[in-house]
């Protein structure tokens, strides 16, 4: 049974994942995934640990290239109609368009300012005032500006966990990607910091298309437009968030969201 | 209750693991004792060799004659078994005055000693040649027939003045002999070599000019020599014989029995300073070890300049770029094995490859005008390169470990920002692994600074008064042979013509070598800790 995505004319599709199989060595991690993400929406991936949701997320910016033996064995992933594994796609260029925020906040051991302008500097921006502008915009975008504007040139390690995670978001959006992938961005944060990051994600929707993995189903309902449920490397159900959580069409989904397993 | 409490009793004899704890503790204790014992011995003996001993006059009974007196300081007391199986106590005395006695050290039988007194007016005189003199100051013979008796007013001042004057004259003489005459004769040699190939009038003219200048310099040299021997310091030994020391050869006069604790401390510091800051004399058994310190430090630094980039680059390729497989595994094992190859093998390799091959090529290309080999003989550059080769496995292994221990999250974060692999390595991975890399460099330096065997083949010599970096153009002389503290220890302890005199120097040199290694390591550790603080990856 193929999950049916609801039709909508106001959104164009940005990421199209078609019939993707993925293997770590000989172990199959994803099996025949079909999924479409539309521009300026927030899609949440839920599912028990090891179900393949992070793997799929990391396929979208080819982060899995780093893992030895890991590869897409079947199917295509297209962004704006371009297959990302085709030889003319440079993974570095791809990652500039598809940013990523990780589960563990991982600021570089440098100053806050250097962290945020790391990406822009790589793409060749050297002008000081331009960089200043980018840093300010990115930090404001990540709702961190007011807290750190007086200590931009102190070490990022001095920030709290929530601040560090928002700094990582600022660092990602400073590159001006189109798509932002978030791999459990709040799992290491307390409820207050989580609320801040969630609010931030909702604001970012204006500019970016966001795909996030979460273990927190309330978070998925609060933040996402559509939710995909994965189980054992398969996409079980993909629907409007409200529909999926109130009237799931599959039994596994219902069991999972009602807490009967996982 | 009681059953359960006995069951979990912690006082019983069957506590699991307890014997192993003791065993491991014993292992550690033995290790610590050995290190502390070694360092302690070296430190005690090293400091002792600078501490000025009291001078004593020993009266010895002579069979069938008058008692004889000898002045000196006590070196050691020991008991020995004679052929008849009797135990005899004897003392070893340093009496100096080589011209009078022949041997500077003497063993005296305890039985034969009548008295042992510390006399106030005994002095210890250090001089340039012939070893120390011990006796009483008698007079100063100032050029001509003028004589100043030791009891006269202003004697000490005059003596100090002449000692200082002597030092100035020696400096002047060194300047003329080493730098001016040295440069002159070097050029003369060059010109003569060219002359053999074909003569030209300009060259002949320059040669004549140089030779005239040499005559002038030689005249100055003779004049200085005469001035150095103008006045003499007369010292009287215990048996009434006199020793005449030209004041130009006086280094230091020390009245050992007239000073208190602080005076002796001051003398200790002066001797220690002399030791580290002056050139060796008397086949290395006297004077200082400055050239050896300089050689050791320069060689170690040059070595780390070569080994660090080389090792780091190799490790980056091995860990980050090379496709992990059997080949890389084989390379890694080979690198590790390289660290276990006997160091003398590296010495032989350095001699064959660096000196004979590379040195030969360099000489052919750039120094075909020179009669003697320039780079085709042992020198500090080749020694540093040989040691760099010897220590490169240490740096590679440490760098690989450091690179591997950079958290994946940091790498991924950099890549997710649109960094290419090299950009991620350069800007994020390498800084984060710098402390680990520096640990490798520290280990390499410690290993390199203490290595002696390969150096003996590639440039270390017993005596090299010309430093590899000095004021003579072109200032840096990577082709020069050099002295090394490790080799100096070997030379003093086992190759010295006067092993008794060299003994304290061996300990002092060992102490110095250990101190230098410690200082270099501490510096590197401080830098590493600062880096570690700076590049600490947040543990959040």
Item to check | Percentage relative contact order, chain B, counting C-alpha pairs under 8 Å, at least six apart | outcome: 15 percent
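Averaged across the residues of B:405-413, what count of C-beta atoms belonging to other chains lies within 10 Å of each residue's C-beta? Please list the in-between numbers first.
Working: counts 0, 0, 2, 5, 7, 6, 2, 9, 13.
What the average comes to for B:405-413 is 5.
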Checklist outcome for this item: Averaged over residues of A:100-106, the number of beta carbons from other chains lying within 10 Å of each residue's Cβ is 6
Checklist entry - Hey, got the Cα dimensions of the stretch B:290-534 along the principal axes, in Å, largest first? => result 68, 44, 38
Checklist entry - Mean 1/r over all different Cα pairs, inverted: what Kirkwood radius does the stretch B:144-230 give, in Å? => result 15.8 Å
Item to check | Gyration tensor (Cα) of chain A, equivalent ellipsoid semi-axes in angstrom | outcome: 31, 21, 17
Checklist entry - Is the stretch B:430-522 rounded, prolate or oblate when judged by the Cα gyration tensor, a ≥ b ≥ c being the square roots of its eigenvalues, rounded requiring a/c under 1.5 and prolate requiring a/b larger than b/c? => result oblate
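What ranking, highest mean first, results for peptides A:108-114, B:377-383 when packing means the other Cβ atoms within 10 Å averaged over each residue?
Put in order of decreasing packing, that is B:377-383, A:108-114.
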Next on the checklist: Show log10 I(q)/I(0) for the protein assembly as shown at q = 0.10 Å⁻¹, two decimals, from a solvent-free Debye sum over equal Cα scatterers.
Outcome noted: -1.11
Checklist entry - Quick one: what does P(r) look like for the stretch B:342-458 with 10 Å bins over all Cα pairs, in whole %? => result 14, 29, 22, 20, 13, 3, 0
Next on the checklist: Rounded to whole Å, give me the distance from the Cα center of the stretch B:213-228 to that of the stretch A:51-94.
Outcome noted: 85 Å
Next on the checklist: For chain A, set up a GNM with springs between Cα atoms under 10 Å and report which of A:128, A:149, A:28 has the largest fluctuation.
Outcome noted: A:128
Checklist entry - In cubic angstrom, how much convex hull volume per residue do the alpha carbon atoms of the stretch B:351-398 span? => result 69 Å³
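How crowded by other chains is A:110-122, given as the mean number of beta carbons from other chains within 10 Å of each beta carbon?
On the way: counts 5, 0, 0, 0, 1, 2, 1, 0, 8, 5, 2, 4, 8.
The shielding value for this peptide is 3.
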Checklist entry - Taking the highest mean first, how do the peptides B:93-101, B:330-338, A:248-256 order by number of other beta carbon atoms within 10 angstrom per residue? => result B:93-101, A:248-256, B:330-338
Checklist entry - Going by alpha carbons, how many degrees (0 to 90, nearest 10) lie between the helix axis of B:18-48 and the longest principal axis of chain B? => result 30 degrees
Checklist outcome for this item: chain A: relative contact order from alpha carbon pairs under 8 Å, six or more residues apart, as a whole percent, is 27 percent
Item to check | Size-normalised alpha-carbon gyration radius of chain B, reference 2.2 N^0.38 Å | outcome: 1.31
Checklist entry - Against the longest alpha carbon principal axis of chain B, how many degrees, from 0 to 90 and to the nearest 10, is the axis of helix B:380-404 turned? => result 30 degrees
Checklist entry - What relative contact order, as a whole-number percentage, does the stretch B:290-534 give when Cα pairs under 8 Å and 6 or more residues apart are counted? => result 29 percent
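Would you mind telling me the antiparallel percentage of the DSSP bridges in chain A, rounded to 5?
On the way: 25 of 42 bridges.
The answer is about 60 percent antiparallel.
Where both partners of a DSSP beta bridge lie in the protein assembly as shown, what percent of those bridges are antiparallel, to the nearest 5?
Numbers: 72 of 90 bridges.
Within the protein assembly as shown, antiparallel bridges account for around 80 percent of the total.
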Checklist entry - To the nearest 10 degrees, how steep is helix B:290-316 against the longest Cα principal axis of chain B, on a 0 to 90 scale? => result 10 degrees
Item to check | Per-residue [θ]222 nm for the protein assembly as shown (sum of -39500 (n - 2.57) over DSSP H runs n ≥ 4, rounded to 500) | outcome: -15000 deg cm²/dmol
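No value in this document is a laboratory result; all are computed from the given coordinates. All of these numbers come straight from a predicted model, not from anything done at the bench. A quick note on method: Cβ atoms are made from the backbone with ideal geometry, for glycine too, and the neighbour counts reach across all protein chains shown.
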